[in-house]
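Novice: Before we start, here is the structure in question, set down as structure tokens.
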Amino acid sequence: MYIRVGILTAPKIEFEQREHTFVLKNVRIGIGFHWDRHEDQEFAGRLEIRDNADDTQTAINTIDLEDYLCSVISSEMNANSPMELLKAHAVISRSWAIRAMEHPNHEGYDVCADDHCQRYEGLRRMNDRAVQAVRETAGQVLTYNGAVCDCRYYKCCGGKTEVWRTCWEDIDVPYIQSVTCDYCKSPSPKVLRLVLNDYDQETKDFHDWRVSYTAEELSDIIRTKSGIDFGTITDLIPLKRGASGRIYELKIVGTKHTEIIGKELKIRLWLSPTCLYSSWFEVEKSSHLSSFTFHLSGHGWGHGAGLCQIGAAVMASEGHRYEEILSYYYPNTQLMIAD
Ligand SMILES: [Zn+2]
Ligand SMILES: [Zn+2]
């Protein structure tokens, strides 16, 4: 089974073909997130450069699904993580990828290489233990009623996981339910070091966090991110919350414009120069003279639906097997071999 990965779109793709691999120059990773940066990346498989109608080019990598997964597991997780965590991740990344191949989100290829789909950084961070985890779970996918599950995951739930409709369509997905997770509350520094790649360790306060903006700062951020002039923001009113507490309808009140926005990702994008850790937060206002400040006190990092990566890492380090980790975060599912 082969997967087509759209790695990069640029005015002109710069690359170097080697004997069995190729190197792409200046690949941007973590687009829009706080770890946004550029690097050169080396890939196995075949490279195709597509010319787009708008005079840009897209680099598309066709690669065996299992080889793609070895890189994804190495890219998403520090490959020194507990083996059971790597195996759990191999299964959900494989399941997710097979679903994405059936329902592509992109024109002309199955998945992109960034966090929008799954982080895929080629051979650079490839690690023997990630490869072992993929090989030992070869072909295994998570299923519900015989169909491959859409296995969503994120960094840290913050104490409770979220349901599907808070993040995406208004449907019930039976294996994405809200479960209590105490595992991610206070992971040891050792577990964190193992689980997070170097650049993710710049972030430490993701279970419980707080962000403060003056009304002026917040108004500027929202104007820039939304393209709409709300005037001065005078209130943020959470209208609807999901099962974990994540807001999926937020009323933004300004002196010139008022609007209700959702769902969780849009809220996170509009309320931060990059992206707020999560939409699970309380809003407090404090005033000083004629100006006031918004304080957002929140929990978790990511949309919260499906597997909590930090929680799963703690479970694995406490000796839980990957099957147990998967059934904890995706209730009522079964492991099967993909056809
Ligand atoms: Zn994508
Ligand atoms: Zn958790």
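Novice: Residues ALA100, ALA138, ALA130: which one is within 16 Å of ligand 1 (Cβ to nearest atom) and farther than 23 Å from HIS207 by Cα?
Specialist: Only one candidate qualifies: ALA100.
Novice: Take GLU107 and tell me if it is touching a strand residue (DSSP E or B) at 6+ places or on another chain (Cβ under 7 Å), within 16 Å of ligand 1 (Cβ to nearest atom) and either in the same structural domain as MET83 (by TED's automatic domain parsing) or among the small types (Gly, Ala, Ser) (or both).
Specialist: So GLU107 does not fit the description; no.
Novice: Would you mind telling me which numbered condition in (1) more than 18 Å from the chain's Cα centre (by Cα); (2) in contact (Cβ under 8 Å) with a residue 12 or more places away in the chain SER287 fails?
Specialist: Condition (2) is where SER287 drops out.
Novice: Separate question: Determine whether GLU162 is of a type outside the set (Ser, Thr, Tyr), surrounded by fewer than 18 Cβ atoms within 10 Å (Cβ to Cβ) and within 18 Å of the chain's Cα centre (by Cα).
Specialist: Spelling it out, it is not the case that GLU162 is of a type outside the set (Ser, Thr, Tyr), surrounded by fewer than 18 Cβ atoms within 10 Å (Cβ to Cβ) and within 18 Å of the chain's Cα centre (by Cα).
Novice: Could you tell me which of the residues ILE60, ILE7 is farther than 17 Å from TYR154 by Cβ, within 18 Å of the chain's Cα centre (by Cα) and part of a strand (DSSP E or B)?
Specialist: The conditions single out ILE7.
Novice: Quick one: SER71 ticks every box in (1) polar (S, T, N, Q); (2) more than 20 Å from VAL23 (Cα to Cα); (3) not in a loop (DSSP other than H, G, I, E, B) bar one, so which box is it?
Specialist: Looking at each condition in turn, SER71 falls short on (2).
The values are calculated or read from the model by the stated rules, or taken from the named source; none is laboratory data. Computed from a predicted structure; not experimentally measured. Positions of Cβ are generated from backbone atoms using ideal geometry, with glycine treated the same way; all protein chains shown enter the neighbour counts.
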